[in-house]
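Report on one structure; see the data block that follows.
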Amino acid sequence: MAMIPLAEYARRLEKGEDSARRIARTGGFKTAVKIGNTWLIDEDEPWVDRRVKTGKYSAYWKRRREEYAAWKEKQKKLEDQTQQQGE
């Protein structure tokens, strides 16, 4: 278990140093420790991928599309009514 600087760890994995620092600061790495101003991490630590891949947000966007379609239909009806009143 060799500890290396976080900057070197990020370079080895071809990741951004800022991203690695942010993940370490928020507790995303199990072995990252800060000594003074330097973050150290185990060289065998896997990169943490915290993206949501479960489709958690798909229901939200489906609801948004339905709301937009309803709003668009309401606008169309209002437009038709104002045209009929103008005739």
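FYI, it's all coordinate maths here, none of it is from the lab. Here the structure is a predicted model, which is why all the values come from computation and not from measurement. Virtual Cβ from ideal backbone geometry, glycine too; neighbours counted across all protein chains shown.
General observations
- Residue that is surrounded by the fewest Cβ atoms within 10 Å (Cβ to Cβ), among those in segment 1-19 that are out of contact with any helix residue (DSSP H, G or I) (no Cβ under 6 Å at 6 or more places or on another chain) and without any contact (Cβ under 8 Å) to a residue 24 or more places away in the chain: 14
- For segment 20-43, filtering for residues that are surrounded by 12 or more Cβ atoms within 10 Å (Cβ to Cβ) and either out of contact with any Pro (no Cβ under 8 Å at 6 or more places or on another chain) or of a type in the set (A, V, I, L, M) (or both) leaves 15.
- Residue tally, condition farther than 30 Å from residue 26 by Cα and among the acidic types (Asp, Glu), over segment 39-87: 6
- The single condition among (1) small (Gly, Ala, Ser); (2) assigned to a loop (DSSP other than H, G, I, E, B); (3) at negative phi that residue 27 does not satisfy is (3).
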